[in-house]
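Enquirer: Starting off with a structure, shown below.
All of the numbers you see were taken from the coordinates with simple rules; none came from a lab. A quick note: this is a predicted structure, and the numbers were derived from the prediction, not measured. Methodologically, a virtual Cβ is constructed for each residue, glycine included, from the backbone with ideal geometry; neighbour enumeration extends over all protein chains shown.
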Amino acid sequence: MRNSLLPIAAAVAVLAIGVILIRPTVDRGQGGPEVNPGILRLPKRNPLRTVSMDLAGSTAAAIESGGRDDGLWRVVVIRGGDRQPTTRAAMLAAGEVLFTAGCLVVMDPPMAVGEPSPPLPIPADRVLRIATRAGVDTRSLDGTWVANVEFRLWEPRLPGGHPAEPWQPPPTAMSTVCVVEHRGRPAAGGQGGWPERWAATGRTLVQAALGALVPAGGVAVPPGRVATAWDSPLPAAPSTPELHWDACFQYDFVRGWSGSIPGRSVSTSTGGSEPAVAPLERLLISGRWRQLADAAPWRLWNRAKDGTQQWFGLREQGGGWDATMWIEQPSATDLITAWIAAAGRGDAAASEHLRRSAGVLALPAELHQRAAAALR
C-alpha cells in the first residue's frame with residue numbers, strides 16, 4: 001500500500017518543478033483586452049468598469065477622407081480590422097461610448113482562420129471599422145506607447161453600381177476615414193496595471209476619433225424613428241469562413257447584407273488551393289440558389305424561400321470579391337397606394353414613408369407624382 005503512493009508523489013514533484021521552471025512571460029492583461037463577438041452589454045455602473053490610468057503625452061485625429069457624420073445612430077457594428085491589442089482596446093472603448101449613448105452595439109472582432117463568423121440579422125445604421133496601422137511596444141507598462149490607428153466609418157448599404165442600388169434612398173452619411181496618432185505615457189503619480197493602461201489608451205484613441213467624426217454634441221440616438229415597411233425578420237445570409245458580412249441594412253423597398261471575400265484563393269482540405277469563391281458557390285448550389293445571366297460586373301443568383309424572392313450577387317473587387325444578398329419589396333405600387341391613403345387620414349408615419357420614397361430612383365415617375373401630390 002505504501003509503495004503505491006510513490007508514483008503519485010513523483011508525479012506531484014515533477015508537476016511542481018514544471019510550474020517553477022515554466023514562468024509566464026506575459027503579465028495578466030499585457031496582451032490587451034479580449035473582445036467577444038455579438039451584442040455588447042456593459043455594466044451600467046461605472047465602478048464596475050476598468051478605471052483608466054492617467055496618461056500624459058499627445059493624441060491627435062485627422063480626417064483623411066469624408067467628413068463629419070450627423071451622429072444619429074441606433075445600431076452600430078464595431079468591426080476589428082486586425083488582432084492588435086491597440087485595436088481591441090479601441091473597439092471596447094468605442095463600444096463603451098456608444099452603449100452609454102443608448103446605441104445597440106454589435107462587436108465584430110476578427111475570428112480565427114477558417115472559423116466562420118455567423119452574422120447577426122440586425123439592420124445597422126453605421127459600421128465603424130478600427131485597425132492599427134502601427135502598433136505599440138507593450139514590453140514596458142511605464143514606457144511611452146506610440147500608435148497609429150485608423151477609424152473607418154460608413155453606412156451599410158448596397159455598393160455603387162449594384163443592380164438593386166436604385167431601390168435605396170440616398171445615403172445619410174459619407175464614408176469617412178479618420179487616423180489617430182497617439183503618443184502616451186503614464187502621468188506623474190499615475191497608478192494601475194496593464195488593464196488600466198489599456199483602458200486609458202483605448203479611451204484616449206476613441207475620444208480623439210469621435211471628436212473628429214461626429215458633431216460637437218457627440219453621438220445622439222433619435223428618440224423615435226419611423227420603422228421600415230417590412231413585417232418579417234431579415235432572413236439569414238449564406239455564410240462561409242471565407243465570406244465576411246460587414247452588416248445588414250433595411251430600407252422601405254430593399255433590405256439585405258453587404259460584405260466581402262478577401263483574397264483570390266483559399267486552401268483546401270487536401271493541401272491544394274481553389275478560388276476563394278468556390279466554397280460559397282458550393283453553398284449556394286446546396287441552398288438551391290439558381291444562377292442567372294450576369295449583370296456585368298455582377299454575378300447573380302436567385303431563389304424563392306419563405307415566400308420571398310432572395311437575390312445574391314458577387315463582384316470582383318481589388319484582390320477579392322464584394323458579396324451582397326438582398327430582398328426587394330414585391331409591390332412598390334401597393335405600398336405607395338396604402339401610404340397615400342393613410343397620409344390622407346393624417347397618419348404621420350405614412351407621410352414620412354412618402355417623403356423617404358422621393359429619393360428612390362427605381363420608383364416609376366407616376367408613383368413619385370402621386371406621392372408628391374399626397375404630401376402637398
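Enquirer: Using only the Cα atoms, what convex hull volume per residue in Å³ does the range 131-235 have? Each step should come with its number before you reach the end.
Expert: Details: hull volume 20.8 nm³, N = 105.
Spread over its residues, the Cα hull of the range 131-235 gives 198 Å³ apiece.
Enquirer: Further, regarding this structure: Find the percent of Cα-Cα distances in the range 69-211 that exceed 26 Å, and round it to a whole number.
Expert: Details: 3161 of 10153 pairs.
Of all Cα-Cα distances in the range 69-211, 31 percent exceed 26 Å.
Enquirer: Order by neighbour count: Met107, Met325, fewest other Cβ atoms within 10 Å first, most last. Mind dumping the intermediate values first?
Expert: On the way: Met107 20, Met325 24.
Sorted ascending by nearby Cβ count, the order is Met107, Met325.
Enquirer: When each pair of different Cα atoms in the range 272-333 is counted once in the 1/r mean, what is the Kirkwood radius in angstroms, to one decimal? Walk me through the numbers on the way to the answer.
Expert: Numbers: mean 1/r = 0.0777 Å⁻¹.
12.9 Å is the Kirkwood radius here.
Enquirer: So, R0 is 45 Å and r is the distance between the beta-carbons of Arg225 and Ala188; what FRET efficiency does that work out to, to 0.05?
Expert: Once the sixth-power term is evaluated, E becomes 0.45.
Enquirer: Could you order the peptides 194-205, 306-317, 94-105 from most to least packed, using the average number of other C-beta atoms within 10 Å per residue? Let's see the in-between values first.
Expert: Numbers: 194-205: 23.6, 306-317: 16.8, 94-105: 19.6.
Ranked from most to least packed, the peptides come out as 194-205, 94-105, 306-317.
Enquirer: Which value, in Å to one decimal place, does the Kirkwood hydrodynamic radius take for the range 332-375 when every pair of different Cα atoms is included?
Expert: Values: mean 1/r = 0.1002 Å⁻¹.
Its Kirkwood hydrodynamic radius stands at 10.0 Å.
Enquirer: Place the peptides 86-93, 153-160, 242-249 in order of packing, highest mean first, counting for every residue the other Cβ atoms within 10 Å and averaging per peptide. Present the calculation step by step, with values, prior to reporting the outcome.
Expert: On the way: 86-93: 27.1, 153-160: 18.2, 242-249: 22.8.
The most tightly packed comes first, giving 86-93, 242-249, 153-160.
Enquirer: Return the FRET efficiency for the residue pair Arg139, Ser175: r is the Cβ-Cβ distance, R0 is 41 Å, and the value is rounded to the nearest 0.05. Walk me through the numbers on the way to the answer.
Expert: Numbers: r = 36 Å, r/R0 = 0.88.
The computed FRET efficiency comes out at 0.70.
Enquirer: Mind checking which of Arg185, Arg79, Arg129 has the largest fluctuation in a GNM of the chain, springs on alpha carbons under 10 Å?
Expert: With Cα springs under 10 Å in the chain, the top fluctuation among Arg185, Arg79, Arg129 is at Arg185.
Enquirer: Moving on. Can you give me the P(r) profile for the chain? Cα pairs, bins 20 angstrom wide beginning at 0, each as a whole percent.
Expert: For the chain, the binned pair fractions read 24, 47, 23, 5, 1 percent.
Enquirer: Can you show me the helix-derived [θ] at 222 nm for the chain, built from DSSP H runs with n ≥ 4 at -39,500 (n - 2.57) apiece and divided by the number of residues, rounded to the nearest 500. Write down the numbers at each step before the final one.
Expert: Values: 7 runs with 96 residues, N = 376.
Counting only the DSSP helices, I get -8000 deg cm²/dmol.
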